[in-house]
Amino acid sequence: MLLNNIEEVKKNIKEWKKEGFKIGLVPTMGALHAGHLSLIKKAKASCDKVVVSVFVNPIQFGPSEDFDKYPRTLDADERLCNREGVDIVFAPSPKEMYGDAGRLSNDTLTYVCPPFFYVNKLCGKTRVGHFDGVCTVVLKLFNIVQPDYAFFGQKDAQQVVIVKKMAADLNVPVEIIQCPIVREESGLALSSRNKYLTDEGKKDALVLSKILNNIKTCYQKGITDVSALKETAYSFLTDKHELEYLEILDKNTLEEKLHADNNSIVLIACRVEGVRLIDNTYLGGI
Ligand code: PAF
């Protein structure tokens with residue numbers, strides 16, 4: 001069932017809560033791919049009712065980012081959700097979510113601002129305000145859907161850490177379930193933004209997973225010095241790649257370390273054909 005209206009979603013949720021159903025939420029911005037599908041399947045397997053939200057959230061995009069050209073494929077998204085037995089596809093308009101809050105600034109809208117320590121690094125460093133926008137919309141979705149479980153992909157690793165922190169700090173009664181990255185056979189992590197790449201660009205984009213795999217192999221061979229591990233990346237980069245960051249941090253706290261260990265996560269962001277791609281891997285498993 002496709003719903004655009006918050007009150008209609010809430011009506012269904014109220015009924016489901018009365019029945020004691022376990023509710024799962026898969027928040028998305030649509031353009032659903034096999035990565036989202038894995039989240040939906042996991043939600044279906046562990047919950048009685050599943051809501052997938054499809055909302056390209058304007059307040060998490062910077063003024064020079066791709067909000068206008070972000071792929072919007074609601075019909076196909078709805079078909080996929082129906083095929084998977086999703087109970088509600090919630091696809092509100094920006095007006096439904098934010099009313100007439102003008103140009104959506106924090107002059108007119110209450111924002112949820114996650115802590116600086118978690119935000120001032122990785123994607124948050126260049127995407128100023130991005131995680132305020134993410135936390136604001138995610139908390140709104142949590143309040144509307146009141147899920148027992150919410151499913152997020154590990155590809156946006158910083159997002160998962162920040163959403164977990166927000167839910168804990170604000171006592172939101174939801175369990176955040178983190179699901180593994182889904183990759184093409186080539187190793188390329190699935191992303192709605194891969195649609196912007198040419199075939200050539202997709203080949204060049206393999207540099208992200210190659211760098212991550214190489215660092216993992218070096219770590220497994222006994223190299224733990226973070227600078228030495230990061231150094232190994234440079235031989236993979238060409239003038240087709242614009243590296244934004246490569247970091248090795250604690251997977252739960254995003255703290256920097258001198259030496260990698262089994263709690264470390266390696267995170268990379270790199271532009272290929274002007275498209276900003278991210279990827280990550282755990283050195284010691286989940
Ligand atoms: O990961 C995404 O697609 C978005 O950041 C999310 C969590 C749906 C919030 O808009």
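The values are calculated or read from the model by the stated rules, or taken from the named source; none is laboratory data. Everything quoted here is computed from the prediction, not taken from an experiment. Quick reminder, even Gly has a Cβ in these numbers, built from the backbone with ideal geometry, and neighbours come from all protein chains shown. Surface accessibility is based on the protein's heavy atoms, side chains included, excluding ligands, DNA and RNA. Shrake-Rupley method; radii C 1.70, N 1.55, O 1.52, S 1.80 Å.
Residue by residue through region 198-223, note down the ones that are over 25 Å from G274 (Cα atoms) and loosely packed, with under 14 Cβ neighbours inside 10 Å. Once the filter is applied, which keeps residues that are over 25 Å from G274 (Cα atoms) and loosely packed, with under 14 Cβ neighbours inside 10 Å, region 198-223 yields T217, Q220, K221, G222.
For region 261-275, enumerate the residues that are surrounded by fewer than 21 Cβ atoms within 10 Å (Cβ to Cβ) and either at pLDDT below 95 or within 16 Å of L206 (Cβ to Cβ) (or both). Show your work before the answer.
Here is the first cut: in region 261-275, the ones surrounded by fewer than 21 Cβ atoms within 10 Å (Cβ to Cβ) are 261-263, 271, 273-275.
Within region 261-275, R271, E273, V275 qualify.
If you check A101 against the conditions, is it of a type outside the set (D, E, K, R) and either within 15 Å of the ligand (Cβ to nearest atom) or modelled with pLDDT of 95 or more (or both)? Criteria not met by A101.
Of the listed requirements (1) open to solvent by less than 50 Å² (accessible area, probe 1.4 Å); (2) modelled with pLDDT of 95 or more, K14 misses just one: (1).
In the set T281, T217, which member is touching a strand residue (DSSP E or B) at 6+ places or on another chain (Cβ under 8 Å) and polar (S, T, N, Q)?
On the way: T217 fails: touching a strand residue (DSSP E or B) at 6+ places or on another chain (Cβ under 8 Å).
None of the others qualify; the one that does is T281.
Pairing each residue of region 247-272 that is at positive phi with any residue that is of a type outside the set (D, E) and in a loop (DSSP other than H, G, I, E, B), provided the two are 6+ apart or on different chains, yields C-beta distances under 8 Å for L254/K121. Residue pairs whose Cβ atoms lie under 7 Å apart, sitting 6 or more positions apart in sequence or on different chains, and linking a residue in region 140-152 that is among the small types (G, A, S) to a partner that is part of a loop (DSSP other than H, G, I, E, B), are A150/V174. Collect the residues in region 224-260 that are outside any strand (DSSP E or B), open to solvent by 60 Å² or more (accessible area, probe 1.4 Å) and closer than 25 Å to V161 by Cβ, keeping them in residue-number order. Once the filter is applied, which keeps residues that are outside any strand (DSSP E or B), open to solvent by 60 Å² or more (accessible area, probe 1.4 Å) and closer than 25 Å to V161 by Cβ, region 224-260 yields S227, N252, E255, L258.
Taking the numbered list (1) open to solvent by less than 20 Å² (accessible area, probe 1.4 Å); (2) under 18 Å from N143 (Cβ atoms); (3) away from the ligand (no atom under 13 Å from the Cβ); (4) in contact with a Cys (Cβ under 9 Å, 6 or more places away or on another chain) in turn, V89 passes all entries but (2).
Looking at region 159-172, which of the residues that are among the aliphatic types (A, V, I, L, M) and part of a loop (DSSP other than H, G, I, E, B) is farthest from the ligand (Cβ to nearest atom)?
Looking only at region 159-172, we keep the residues that are among the aliphatic types (A, V, I, L, M), and these are 160-163, 166-168, 170, 172.
If we keep only those that are part of a loop (DSSP other than H, G, I, E, B) as well, we get 170, 172.
Working: L170: 16, V172: 14 Å.
My answer is L170.
Of the residues in region 17-38, how many are hydrophobic (A, V, I, L, M, F, W, C), within 16 Å of the ligand (Cβ to nearest atom) and open to solvent by 10 Å² or more (accessible area, probe 1.4 Å)?
So in region 17-38, the residues hydrophobic (A, V, I, L, M, F, W, C) come out as 21, 23, 25-26, 29, 31-32, 34, 37.
The next check asks that each one be within 16 Å of the ligand (Cβ to nearest atom); those that pass are 25-26, 29, 31-32, 34, 37.
If we keep only those that are open to solvent by 10 Å² or more (accessible area, probe 1.4 Å) too, we end up with 29, 32, 34, 37.
Number satisfying all stated conditions: 4.
If only one of V119, V54 is surrounded by 17 or more Cβ atoms within 10 Å (Cβ to Cβ), within 15 Å of T28 (Cβ to Cβ) and either at pLDDT 95 or above or out of contact with any Leu (no Cβ under 6 Å at 6 or more places or on another chain) (or both), which one is it? Please lay out each step first, then the result.
Numbers: V119 fails: within 15 Å of T28 (Cβ to Cβ).
Criteria check complete, one pass: V54.
Any residue in region 75-82 that is among the small types (G, A, S), open to solvent by less than 60 Å² (accessible area, probe 1.4 Å), within 12 Å of the ligand (Cβ to nearest atom) and touching a residue at least 40 places away in the same chain (Cβ under 8 Å)? There is no residue in region 75-82 that is among the small types (G, A, S), open to solvent by less than 60 Å² (accessible area, probe 1.4 Å), within 12 Å of the ligand (Cβ to nearest atom) and touching a residue at least 40 places away in the same chain (Cβ under 8 Å).
At least 1 residues being within 13 Å of the ligand (Cβ to nearest atom) and of a type outside the set (F, W, Y) is the threshold, and among the helices (runs of 4 or more DSSP H) wholly inside region 110-158 those reaching it are 122-126, 130-145. Selection over region 157-188 of residues that are at positive phi and open to solvent by 30 Å² or more (accessible area, probe 1.4 Å) gives a count of 1.
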